[in-house]
Amino acid sequence: MKIQTEAGERHVLAITVDNEAGVLAKITGLFTARGYNIESLTVADISSDHALSRITIVTNGPPPIIDQIIAQLDRLVPVHKVTDLTDAGAHVEREIALVKVAGTGDKRIEALRLADVFRAKVVDTTITSFIFEITGASEKIDRFVALMRECGLVEVGRTGVVAIARGAEAA
Amino acid sequence: MTEMSGADMVVQALVDLGVDTVFGYPGGAVLPIYDALFKHPTIQHILVRHEQAATHAAEGYARSTGKPGVVLVTSGPGATNAVTGITDALMDSIPMVVLTGQVPTTLIGTDAFQECDTVGITRHCTKHNYLVMDPARLGPIMHEAFYIATHGRPGPVVIDIPKNVQVATGKYIVPDMIEHKSYRPQVEPDSAAIAEAVAMIAASERPVFYTGGGVINAGPDASAALRQLVALTGAPITSTLMGLGAFPCDDDKWLGMLGMHGTYESNMAMNRADLIIAVGARFDDRVTGRLDAFAPEAKKIHIDIDRSSVNKIVPVDLAIVGDAGRALDAIIAGWQTAGHKPRDLGEWWRRIDGWRATRCLDFPEKKEDAAEIMPQRAVKALYDATHAMDPIITTEVGQHQMWAAQHFGFRGPNRWLTSGGLGTMGYGFPAAVGAQIAHPGRLVICIAGEASLQMNIQEMGTVSQYRLPVKIFILNNQWMGMVRQWQELTYESRYSNSYSDSLPDFVKLADAYGWTGLRIDNFGELEDGIQTMINTPGPVIVDCRVAQLANCFPMIPSGAAHTDMILQPSDVTGTMDDEAKALV
């Protein structure tokens, strides 16, 4: 007997939650307990009184599962609001990466040239290394990191996606 | 305002919240709260013999009264022992508040004696949980916890209270809890959806009501509304295990329970219906059978207070999120305003009567004095002898539970207490304790299997201590019957570890605890034995020996469609393919 899995689609969810201990564990635990995917997750306090956090989760699943994920999140007591940005229409997604590259000679020059093409900033340098800061959509960062592998990539740190709906209104 | 200790705040909050009974077991990390209870005049503490039993007793109390059950246990093992009952309450939507002691805040995270990460362990088996780090938060959290446990879809809430927070002093604050800052369950149904539901019901030729525990949770008025709506529409009604009692078993619209061990007529009606009106039921796998064959001809209306239940398993045509009682009231009002009359469902009822004619709950038996007792007969005899007394029935989990669901009739809500979602063996006896505490004058019977009963049999001591007249009626077939039945159906009768070996002598056990013990061995002794049980004051254990190898039918095997019911033992093939074996 084979165990079957279903093909899914990528959705970006923005979740406003109480900024309290255990809330993140409750949300990530819900994903593991019910077998949902997390492709990336970011979380930070967003309110002036530190009462609320915004969690951005990129997930993947067939449409009925995405609906379930939203309904399951929505009924958690510390969750104030869940927005499916992918469904809500146009939105902006950004991610930051810090990319450390080491090398000398042509590789070093090529790394710097490519960084310029990608509008990555140099935030630290030694005679033999750079740290680039790059901001953009995840695919852009993927492509930059792939190129850096050819130029002496040492280490990458990524934030995961944050996203917000386009236009004047809150989603 | 004068300051008081955290422990006194806990007790004061219980008083303010109208709590009269707490089920619990003391230990080091809750001693301050126990000391505050010691001198308290109105809160009755029921000392159980194991923390799991405290949670099931609280469930029994809650389910038989509609009020939240309250549990008090210590840290570490006290909390972990409570986890099964907490999960049970989550699965069956039972309002419950569990107070757990915790090591002092200064020791949290140090692997202190009797420390465990209670909020971590219970995070996903509670509706919500709290770790209280400041006594000033105790008042608001206690009130909020009761609000959350009882509003929307009910469920268990854990409050973990470190010992130094119980001892420290602070101001007891009662919040004005009109609404919660973020938790606002939708209670009022959408009026456009109600109007659409009325039109769909009025246009339907083959409607079926499929109702669940949500109707019971919505209160007795919801059950009354359900009866009225069924009468107005003339439609047949079936129910899940959890919903039994919301509709009276002696009404001619009643088809019996549906699902894996449901009646032939209810499952066939679901399969052939053109409209299913699901009310407070969640399309559990035990109900639907094979999903791609579930109710293929039916449009589906789903009324549920939990939006995540809608479209979770079965996509529906119309979702109504809200309280079952209010939704039913709104549909009744809409029906009457529109001046709808019941459609002529004569053709539909003729088909249903055809399925009823299979008499799927009949069973072969010998009615001779010396004959062995069929377990179904034992349940029917119990029903015949007691139903006029309007008893509260609890069960354990297994064959006896299904036979009780099939053969014991219910006429009102809050009289049938059983572990449906989690299927917890060991639930029924402590649940009977909780129900008896809440209803001292009522007849409370736990229909048990000899295997399940042993999972919380230590509670005989609790019953003796509080002089509770609980009756335990054991259908003793000396097997974990449902396990054996599945082994017979799926594993060519290789009975791996399902024999109830080394059983105690239940009559002597009763004697040891100061109970009355009875044994019923054959058909001729059944009625007199049951009468003796009823007429004996105080707790009674009845060891009713039943046919050992009887199986529970009808049955939809795992992964089969509603139309593929096994009606008789002769239909059993004794093996299944791997796809079927992999299903629960």
**OP:** Please calculate how many Å² of accessible area the stretch A:91-164 carries per residue, with a 1.4 Å probe and no DNA, RNA or ligand atoms counted.
**Re:** 58
Original post:
Once A and B are treated as a pair rather than alone, how much accessible area drops out, both sides summed, in Å² to 100, probe 1.4 Å?
Top reply: 1600
Original post:
Under unit Cβ charges (Lys, Arg +1; Asp, Glu -1), what dipole magnitude, rounded to 20 debye, does chain A have relative to its Cα centre?
Top reply: 360
**OP:** Filter the trypsin sites (Lys or Arg not before Pro) in the stretch B:481-584 to those in DSSP coil with at most 14 other Cβ atoms within 10 Å of their Cβ, and list the result.
**Re:** B:494
Original post:
So, counting K/R as plus one and D/E as minus one, what does the shell of residues with Cβ under 11 Å around residue B:381 add up to?
Top reply: -2
Subject >> Cα-Cα P(r), chain A, percent of pairs per 10 Å interval >> reply: 9, 31, 27, 21, 11, 1
Original post:
Percent relative contact order of the stretch B:375-552, based on C-alpha pairs within less than 8 angstrom and at least six residues apart?
Top reply: 24
Original post:
Looking only at Cα atoms, what is the convex hull volume of the stretch A:9-88 per residue, in Å³?
Top reply: 80
**OP:** Take the Cα atoms of the stretch B:276-431, build their convex hull, and give its volume per residue in Å³.
**Re:** 189
**OP:** Using a 1.4 Å probe over the heavy atoms of the protein chains, calculate the carbon and sulfur portion of the accessible area of the protein assembly as shown as a whole percent.
**Re:** 52
Subject >> Student exercise, the stretch A:1-101 dipole from Lys, Arg, Asp, Glu Cβ charges, in Debye to nearest 20 >> reply: 280
**OP:** Mind checking which of B:258, B:416, B:17 is farthest towards the positive end of chain B's charge dipole, using Cβ charges of +1 (Lys, Arg) and -1 (Asp, Glu) about the Cα centre?
**Re:** B:17
**OP:** Compute the relative contact order of the stretch B:4-170 as a whole-number percentage, counting only Cα pairs closer than 8 Å that sit 6 or more residues apart in sequence.
**Re:** 28
**OP:** For the stretch B:191-356, go through all pairs of different Cα atoms, get the mean of 1/r, take its inverse, and jot down that Kirkwood value in Å.
**Re:** 15.3
**OP:** Enter the accessible area of residue B:349 (Å², nearest 10), with the probe set to 1.4 Å and all protein chains included.
**Re:** 40
Original post:
When only Cα pairs under 8 Å and 6 or more residues apart are kept, what is the percent relative contact order across the stretch A:91-164?
Top reply: 51
Subject >> Per residue accessible area of chain B, 1.4 Å probe, in Å² >> reply: 37
Subject >> residue B:566 long-range amide H proximity, modeled H, under 5 Å >> reply: B:555, B:556
Subject >> Rg over Rh, two decimals, chain B (C-alpha only, Kirkwood Rh) >> reply: 0.98
**OP:** Compute the Rg to Rh ratio over the protein assembly as shown from the alpha carbon atoms, using the Kirkwood formula for Rh, and round to two decimal places.
**Re:** 1.02
Subject >> Under-5 Å amide H pairs with residue B:544, H placed in peptide plane, nonlocal only >> reply: B:474, B:476, B:520
Original post:
What span do the alpha-carbon atoms of the stretch B:476-584 cover on each of the three principal axes, reported in whole Å from largest to smallest?
Top reply: 50, 28, 21
**OP:** Restricting things to alpha carbons, find the Rg to Rh ratio for the stretch A:91-164 using the Kirkwood radius for Rh.
**Re:** 0.98
**OP:** Note down the net charge around residue A:26, summing +1 for each Lys or Arg and -1 for each Asp or Glu among other residues with Cβ under 15 Å from its Cβ.
**Re:** -1
Original post:
Tell me, which residues of the stretch B:180-197 get at least 50 Å² less accessible area when the other protein chains come in, versus the chain alone (1.4 Å probe)?
Top reply: B:181, B:182
Subject >> Dipole magnitude of chain B, debye to nearest 20 (Cβ charges: Lys/Arg +1, Asp/Glu -1, about Cα centre) >> reply: 640
**OP:** For chain A, set up a Gaussian network in which alpha carbons nearer than 10 Å are linked by springs, and say which option among A:124, A:84, A:74 fluctuates the most.
**Re:** A:124
Original post:
222 nm [θ] for chain B, helices only, -39500 (n - 2.57) per DSSP H run of 4+, per residue, to 500?
Top reply: -10500 deg cm²/dmol
**OP:** Identify the trypsin sites (Lys or Arg not before Pro) of the stretch B:1-80 meeting these criteria: DSSP loop state and at most 10 other C-beta atoms within 10 Å of the C-beta.
**Re:** B:39
**OP:** On each of the three principal axes of the Cα atoms of the stretch B:157-220, give max minus min coordinate, whole Å, ordered largest first.
**Re:** 66, 22, 20
Original post:
How much of the calculated P(r) for the stretch B:4-170 lies past 18 Å, in percent of all Cα pairs?
Top reply: 52
Subject >> Those aspartates and glutamates that a straight Cα-Cα span of less than 13 Å connects to residue B:67, excepting residues fewer than 8 apart in one chain >> reply: B:20, B:59
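The values are calculated or read from the model by the stated rules, or taken from the named source; none is laboratory data. Predicted model, so just to flag it, every value in this text is computed and none were measured. Quick reminder, even Gly has a Cβ in these numbers, built from the backbone with ideal geometry, and neighbours come from all protein chains shown. Each accessible area value is taken on the protein alone, full model and side chains, heavy atoms only, with ligands, DNA and RNA left out. Shrake-Rupley method; radii C 1.70, N 1.55, O 1.52, S 1.80 Å.
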